[in-house]
1. Whose amide H sits under 5 Å from the amide H of ILE156, counting only residues 5 or more places off or on another chain, with H placed in the peptide plane?
2. Using θ = phi - 60° and the Karplus curve 6.51 cos²θ - 1.76 cosθ + 1.60, what whole-Hz ³J(HN,Hα) does each residue of region 208-220 get, with Gly and Pro shown as x?
3. Starting from the Cα of ASP219, step 7 Å toward the Cβ, then list every residue of region 153-197 with an amide N under 13 Å from that point.
4. Give me the percent relative contact order of region 163-308, please, defined on Cα pairs under 8 angstrom at least 6 residues apart.
5. Please give the length that would be gained between ARG134 and GLN96 if that part of the chain were fully extended, namely 0.36 nm times their separation in residues minus their C-alpha to C-alpha distance (nm, one decimal).
6. Could you work out how much longer the chain between ASN295 and ASN211 gets when fully extended? Use 0.36 nm per residue separation minus the Cα distance between them, nm to one decimal.
7. Short version: ³J(HN,Hα) in whole Hz for each residue of region 176-184, in order, from phi by Karplus 6.51 cos²θ - 1.76 cosθ + 1.60 (θ = phi - 60°), x for Gly and Pro, what are they?
8. Suppose a student asked you for the relative contact order of region 125-220, using Cα pairs under 8 Å spaced at least 6 residues apart; what percent would you report?
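Read-outs: derived from the displayed coordinates by stated rules, not from any lab. Quick caveat: nothing in here was measured; it's all calculated off a predicted structure. Using ideal geometry, Cβ is built from the backbone for each residue, glycine included, and neighbour counts are taken over all protein chains shown.
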Amino acid sequence: MELLLSYVGELWIFEQWSFRWLASIADYFGVGFSAIVNVVAVVPLTEFNQPIPSPSGGGGIGIGRGAAILPDIPTRVMLKGKAYPDSQLTVLKDGQKLLTAQSDSQANFEITISSLVSGVYTFGVWGEDKQKRRSLTFSFTTNVPYGITTAISGIILPPTIDLSKNSLQRGEVLNLLGYSAPQSEVAVHINSPIEIIKKTQAAVDGTWFYNFNTNVLSDGLHSAKVKSTVADGSDSIFSQSMSFSVGQAELPACLNKADINKDKRVNLIDLSILLYNWGLPKNTAADLNCDNRINLKDFSILLYWWTG
Ligand SMILES: [Ca+2]
Ligand SMILES: [Ca+2]
């Protein structure tokens, strides 16, 4: 137990059990130490170090006779998970870029978003590996209650993926590579009449690769995507799909792109172009999957590449 006593306008601090009581002395000069003590706030110890605003909002601690000062209990969201070693992460709030953060050498990240008011938010996280390859955006919607830290843990960003070539002759080896969490299992899915799944393991520095012999594929367009499984058995969602052609098939120029106005960002401007072209496209650049229509498929590709 601790008891601190000072003059009018300052504080009594009385610690007992798991709470501290902030109290003021009323009318010190008039009634002396026997004065009524006005309890102005009850603050859990864990929140005690947060600044308590005065009623005027000017900061510091304000004590008044009979006044009740509510503590400024933070409303926060904590995002916790795995990306790639020493990678840069971008956090979006309702589609807008909110902040950037860094994962550690083991690919772990823990990001606290403060200064929130209670409400429902859609958060997104995307990562960029050391070779500047970006992941698709992992998004989720959550209710954030007042005065509580809402922890979202177990976020596993999908691996980044790159292909050595986009056009191959049948029998050529396609090198697939990227970054994942260190020593995670990476499942490579190649689309074909029967999906082909191959597994490999990321190295301790997070790099992964797989050499795929294309002689099992027919001539035509194909695609590859990956997902990872980390040590505790948690899976990521799939990475974006990367297209490639085998044989004489020509790879359409429009695939794997969502930056319609070519400003190196995928955001509301691209979305508005896409919506303007909804249905039969007036601007074919908005047809992100080359099927001559602008519909929900194009919309979902745009969301995959969203940068805010
Ligand atoms: Ca753009
Ligand atoms: Ca389309």
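1. LYS82
2. Each residue of region 208-220 in turn: 9, 8, 8, 9, 10, 7, 7, 5, 8, 9, 7, 5, x Hz.
3. 168-171
4. On the way: 292 pairs, mean separation 28.3, N = 146.
Relative contact order here is 19 percent.
5. Value of the extension gain: 12.0 nm.
6. Numbers: separation 84, 0.36 × 84 = 30.24 nm, distance 3.47 nm.
Separation in residues times 0.36 nm, less the Cα-Cα distance, equals 26.8 nm.
7. 9, 7, x, 10, 8, 5, x, 6, 6
8. Numbers: 152 pairs, mean separation 22.3, N = 96.
Relative contact order here is 23 percent.
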